[in-house]
Amino acid sequence: MHYPCRQEACFPVEVLQLDVSGRPQAWLSPREAALLYASDAVAWTLGEPFAVLRGGIQRRTGLQSRIEVHPIVAVRGAVPSRAWRQVPSLSNAKLFARDRLICAYCGGRCAPDDLTREHIVPTSRGGGDSWMNCITACRSCNGRKGSRMLQECSMELLYLPYVPSLHEDMILRGRRIVADQMEFLLASVPSHSRLHG
Ligand SMILES: [Zn+2]
């Protein structure tokens, strides 16, 4: 099935896919979401439709098929019980977004190109590559700390690391999040998250 989508090029909003119980699963292109509608896999939706995709002529009615795409769609099917306990994967882009592009040592706000993934306990000293051991640092602070422990270089963290929740992870991953989606996701983000700050 093919859905040519003129809107997609000029309106690259993504669709937030949930499971039927409302847990976030993925960001989809409007075209991918249209396939869910077409295969009757959408259980419920939230928000006003933001795109209308037009497909082929339906043989039975002679009319062109038309699918309204909502910003949030929940898909039918069993809820995977493990999904809720999964720790979101770590990437530089998401780490920098969690830490709001601010160096944890000097407090400077930098462009992503000037930021680094800093290991609080250096990997050479047994530190893991995990959300709790990684923090955002500018290049010069990262270089200054080197492979030393905090107490060895008298440097202090201005804020602490944490593991993002599943809802927060979806915000960190989203490229362009519309109001309906942000409202839905933020409602489930813990109050300690820096996204509320
Ligand atoms: Zn710095």
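The values are calculated or read from the model by the stated rules, or taken from the named source; none is laboratory data. Note that this is a predicted model, so its numbers are computed, not measured. Note that we place each Cβ from the backbone using ideal geometry, even for glycine, and neighbour counts take in every protein chain shown. Side chains are part of the model used for accessible areas, which takes the heavy atoms of the whole protein and leaves out ligands, DNA and RNA. Shrake-Rupley method; radii C 1.70, N 1.55, O 1.52, S 1.80 Å.
So here's what we get for this one:
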read-out: Residue in region 99-110 that is among the basic types (K, R), without any contact (Cβ under 8 Å) to a residue 24 or more places away in the chain and within 16 Å of the ligand (Cβ to nearest atom) present; value: yes
read-out: Neighbours by Cβ (under 7 Å, 6+ apart or cross-chain): first from region 125-148, open to solvent by 70 Å² or more (accessible area, probe 1.4 Å); second of a type in the set (S, T, Y) and within 16 Å of the ligand (Cβ to nearest atom); value: R139/T116
read-out: Residue in region 159-174 that is over 21 Å from V87 (Cα atoms) and surrounded by 13 or more Cβ atoms within 10 Å (Cβ to Cβ) present; value: no
read-out: Helices (runs of 4 or more DSSP H) wholly inside region 87-188 containing at least 1 residues that are acidic (D, E) and closer than 27 Å to P71 by Cβ; value: 166-173, 179-186
